[in-house]
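Report on the following structure.
Just so it is clear, none of the values below were taken in a lab; they were calculated from the coordinates. Please read these numbers as outputs of a predicted model, since none were measured by experiment. Reconstructed Cβ throughout: ideal geometry from the backbone, glycine too, with neighbour counts over all protein chains shown.
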Amino acid sequence: MDTTFTVWLAATLGCAQCHNHKYDEFSQREYYQIYAFFNNTTERATGGESETLSLFLGDECELERHKSEVERLRAMAEPADNSEVFAAQQKWEVETREAITNEPSVTWLTLDPDRLISSAATTLRKQADLSVRATGANPDFDNYTIVADPPTGKLTAIRLELLTHRSHTNGSHSRGENGNTVLTEFEVFVNDSDADTATKVEISGAVADHSQEGHPIGGAIDGNTTSGWSAEGHIRRENCSALFTFASPVEVKRGTSLIVNLKHESRYPRHVIGRFRLSVTESAEVPTLFRPPELRAALAVDPARRNPHQRKLVRKHFIATTPQLAAARAEYQKARQEMDEFTKENSTTTMVMHEGPARSTHVLTRGDFLTKGDEVQPDVPKVYGLSLQEEQRNRLTLARWIVHPDQPLTARVTVNRIWEVMFGQAIVNTSEDFGVQGDLPTHPQLLDWLAADFVQSKWNFKGLLNTIVMSATYQQSSATTLKKLHHDRYNKLLTRGPRFRVEAEMVRDLTLEIAGMLSPKIGGPSVYPPQPDSIWESLFIEAGLKEWPASTGEDRYRRGIYTYYKRTALHPMLRNFDAPNRNVCTVSRQRSNTPLAALNTMNDPAFLEAAAGLAQRMMRIDGQTPDRVTYGFRLCASRPPTSIEQTVLQEFFENALARYKANPQQVDNLINSAFLTPPSQVDNVHLAAWIVVANTLLNMDATLTKG
Amino acid sequence: MHNQCEIVTKLRRREFLGRAGFNVGAIALSSMLARNLCADPVAATRKPLAPRRPHFAPRAKSVIFLNMVGAPPQLDMFDYKTKLKQLHNQIVPESLTKGERFAFINGDAKLLGPLFEFKQYGQAGMWMSSVVGHYMPEIADDICMIHGVHTEQFNHSPAALLLFTGFPRSGRPSMGAWVTYGLGNEAQDLPGFVVMATGRGGRCGVECYGPGFLPTVYQGVQFRSHGEPVLFLNNPSGIDSKLRRDALDTLRSLNQQEYDLLGDPEIQTRISAYEMAYRMQTSVPDLIDISSEPKHIHELYGTEPGQRRFGNNCLLARRLVERGVRFVQLNHGEWDAHGGSRVNIPQTIPRLCGETMQGAAALVKDLKQRGMLDDTLVIWGSEFGRTPMLQGKLGDQVGRDHHKAFTIWMAGGGVKRGFIHGGTDELGYKHLEGSLDVYDLQATVLHLLGLDHERLTYKFQGRQYRLTDVHGKVVRDILG
């Protein structure tokens, strides 16, 4: 809420958290009244909630059709009781009891994992009991790969135990919202020490001691990412197992390793198994049907004397396993799968804050969260002279209040900020504080006029920008004279056009753009432009990314705003050019002018790469040295060079060229420093000289400064 | 349609003030005071690092902070407790731990007596154990040993942030940044605030030497002891220094042309920034190259040229301070001896002392013999201490948990020599009355530099901030 009020109303609300604001008219009570609007998040400090929401955007009618078909087939696969079904069940019970008596006993040998690999930066840790536990990062989706050396022999099946852990949600199977899991695929490969690649082991069948309705174990071996096995971890917090029979026994010799993949690629984020254990067996006969102890006990009881729970259990197992209904079951599963696929194809995920029910909000005496004062209801501060217009008091109504036409500050604060972006300084210098402690506007009527115009235009940002850039004030030359400096040192009276060094991200953007290397791609995950080694050395990183994974390919040349932000060790280029560390809301950036920044644009490998790009661009044009110099200069300074500038640069180029002609080793050194892949069929000596010229051009004040 | 004029005349400043009932004079006064000490940000960039006079006569001109990252076990090194020795391996009295929270152990842990032999040294009878080696006893008469320093934080990052920035969350300027902001930089071609690290990593990353919301010129610049000392200092391979000089001359001419056309004073600043960068390309390697120091100096510090060593960095610290650098921070880790095979007291602490004590003592001796000790404040400390109770298993991998009371020592810069201040109770558990807390330490350090911790402020987010936040008092007992 502090951020909301800083950004939209330039209010230093944070000063009223523990006591009445010392300068502005915000009481502490009002602070908590605003707090009450926001006090409905579902965030847990210990994590585990998902920030993504899946939205269905497809044809609702089609979805309904799927749903009814699925329902129809379900009724056929799970028929209601009638005499026919009853008789069938009796027969089945007899057969089952016999099968139980003749069941083979299986010896399981636990696998000791050798290597544990997560595809999404989870840390998989082997435990003393040879189970594997997921710790550290808790990504939405993950695929585990386990490599182990099994005991020698002929393996007939592999068992996966799904284990609970106290660190899991509700002590169940996973660290997701509800502790449930969906295993979309279980794959086994065998790798003989003398073979080059691993061979996939064919799995003929799978059984599990418990499956969630609609998510049977078969989903984990059907080669389909939309279907998977779930053990109802959100309800049952018990260990579970599944066993997978091999189509033919797998021969294990010395040096053979087994590679097991556990894939979680369903549409449910954070349904990733938290703890598991793998075992193998050589037993000749492996049960193809799992009969949990509860079921056995129930079957042993005379049908007339079973309790309701037992009756239900037996019937459920009958429905789920009797061959008579196998076809119906298969059709039902297929329909479900089709529906799931259809839903997934037509859904998108979005990042969202889940709004929970509003909690009761109290004034906190002296800001101490342990000392609650009066309860308060959501309300807005009186100082703005505008009350909430609506009955309902929630985030939406607060947002509408902020942009209400009678709200005097929002428009002014906003146009002031936009003015600051364009002119390098604001009309009200303290753009984050329009309170009594803030500065007065240099041009109050201008501010008012812009604000009124902005509101009238229906908050049209492009219109506002248009108005500003088309103004005579903005289009003034930024040249200054001693007289102007004397009367208006910092250009607060706007006696000249704006002139200021561009922001950190733009330093990168314009450098790459001039070099012809900037990627225009929009969106996607953050990227990792080159960063010197060991920047993260001074950090204590327990989980997740431990090293900077420098991007390659197009991602290496993305816009600066896509750079991955690590607040405890900001990328040095961003730091050198005053990007904020984002620990607090920062409305205005500083604009420093330091030797460290100079070293950055001179020697940072990313900037050298850009110089190489610019050099190539300059070499590609038709013409001689002077033309190239003019072209490069224009690209950087947005104007043609004066005759002095032209001469100076040409002389420098000739000087550098002569040097490199005399020193081929340096040519090689430079080419190798400046290119990821050195270009072929290019005169390297000339290229080297142009690179140094380009490097110099990219460091000009004119290049890095707007205006 | 609303009358736009009406809208925009709402809440004119006068109305605001009228309703608030404030005295305009009071506001003007406060903003005048503010302008006094925290420069207008635009002007600050003019010459932000120009040396400034402190509030009153200083004792110290520079600070060297030896930051033992992870927290050394003070009860095994400097704070000798006979009672603790007697009660070794017994359960800690409940009266002490009732209601307390710990980082890892529970309240019913066993006490661990000091693991090394203690003896007294110097005129003050300073206790030091054998693990700190024979170098520390040699400077017992030069240092001020401070026991019972206390903090409220018992996890590394918040505690380190509290120690260095005055607040347990990130975002605020570090001690070195405040000092450089207050006093500027006397070094010609070097940053005013330099940081170096050896051993295993730190805990709060760059925040422990960052500028926070102060202008970024005040940030600690990390001198790396391997690879380039300063990031991007070296020219790329293929551009030698002569060619770079020619390039800079060209750049200067171009920028000068721009200046002649446009007259923007910032262009001149940029020209000088590039010149300074060029000078740093020679001055920094010159500084880093310790091979020119005489043999006896190398022997004193126990340096290993070409390697990443704390002793090397101590020598570098002296060289930095000689050249006028204001604040040097040397990080060395990892002292976090919870026990176990990785970091424990019996095996790891002797190694870490071996890596650091010689250099630390040498620094004090070297400054003294050069007559620099009086105006250089050396601080040896960490973010917190370690419990009198053991963690892990008794044996050769035993450790201790995090503890809010700890020991530091200071030398030079106006502190008393051969003096012991503060203390802890007989088990080394709670600090005694009159001991320093972290804010007091900050206030005292600033005081020694001639700065009033309550007056060295900067306006941010609508109010004045200072290193000590709203706490801290100067502890005069340790001032010489």
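Shielding of peptide A:598-611 by partners, expressed as the average count of other chain Cβ atoms within 10 Å per residue Cβ, is 5. Bridgeable aspartates and glutamates around B:K430 (alpha carbons under 14 Å apart, same-chain partners fewer than 8 residues away excluded): B:D79, B:E94, B:E100, B:E152.
Here B:I143, A:I146 are placed in order of increasing Cβ neighbour count within 10 Å, fewest first, which gives A:I146, B:I143. Taking the Kirkwood radius as Rh and the Cα radius of gyration as Rg, the range A:184-248 has a ratio of Rg/Rh equal to 1.07. By other beta-carbon atoms within 10 Å, ranking A:T156, B:T180 with the fewest at the front produces A:T156, B:T180.
Rounded to the nearest 20, the size of the Cβ-charge dipole of the range A:501-707 about its Cα centre is 540 debye, with Lys and Arg at +1 and Asp and Glu at -1. Farthest toward the positive end of the dipole of the protein assembly as shown, out of A:T705, A:Q437, A:I203, is the Cα of A:Q437, where the dipole comes from beta carbon charges about the Cα centre. Here A:T473 and A:I644 are evaluated by their C-beta separation; at R0 = 22 Å the FRET efficiency comes out at 0.10.
When the trypsin sites (Lys or Arg not before Pro) in the range B:77-110 are filtered for DSSP coil states and for at most 12 other beta-carbon atoms within 10 Å of their beta-carbon, the remaining sites are B:K98, B:R101.
The range A:387-467: which GluC sites (Glu not before Pro) are DSSP loop and have at most 15 other beta-carbon atoms within 10 angstrom? Filter output for the range A:387-467: A:E390, A:E391. Distance between the C-alpha centres of the range A:353-400 and the range A:259-294: 49 Å, rounded to the whole angstrom. Taken as Cα centroids, the range A:592-616 and the range A:53-106 sit 67 Å apart, rounded to the nearest whole angstrom. In terms of its C-alpha gyration tensor, chain A has an oblate overall shape, because the principal axis ratio a/c (a ≥ b ≥ c, square roots of the eigenvalues) is not below 1.5 and a/b does not outweigh b/c. Restricting the range A:440-485 to trypsin sites (Lys or Arg not before Pro) that sit in a DSSP loop and have at most 11 other Cβ atoms within 10 Å of their own Cβ leaves A:K458. Selection among A:A479, A:T642, A:A87 by position relative to the dipole of chain A gives A:A479 as farthest towards the positive end (Cβ unit charges, Cα centre). Cross-link partners for A:K126 among the aspartates and glutamates, with Cα-Cα distance under 18 Å and sequence neighbours closer than 8 places in the same chain left out: A:D112, A:D114, A:D142, A:D149, A:E161, A:E542.
Segment B:R52..B:H296, full-extension length gain: 84.2 nm, with 0.36 nm per residue of separation and the alpha-carbon distance subtracted.
A:F37 sits among other residues whose Cβ lies under 10 Å from its own Cβ, and their net charge, with Lys and Arg +1 and Asp and Glu -1, is +1. Relative to one another, the C-alpha centroids of the range B:416-445 and the range A:4-41 are positioned 39 Å apart. Once Lys and Arg get +1 and Asp and Glu get -1 on their Cβ, which of A:S248, B:H296, A:L55 lies farthest toward the positive end of the dipole of the protein assembly as shown? Highest projection toward the positive end goes to B:H296. Only lysines eight or more places from A:K91 in sequence, or on another chain, were considered; those with a Cα closer than 18 Å are A:K312, A:K316.
Here the range A:105-284 is treated with +1 on each Lys and Arg Cβ and -1 on each Asp and Glu Cβ, and its dipole about the Cα centre works out to around 560 debye. In chain B the longest region clear of GluC sites (Glu not before Pro) that are loop-assigned by DSSP and have at most 14 other C-beta atoms within 10 Å covers B:153-425. About the centre of its Cα atoms, chain B shows a dipole size close to 880 debye [charges on the beta carbon of Lys, Arg (+1) and Asp, Glu (-1) only; nearest 20 debye].
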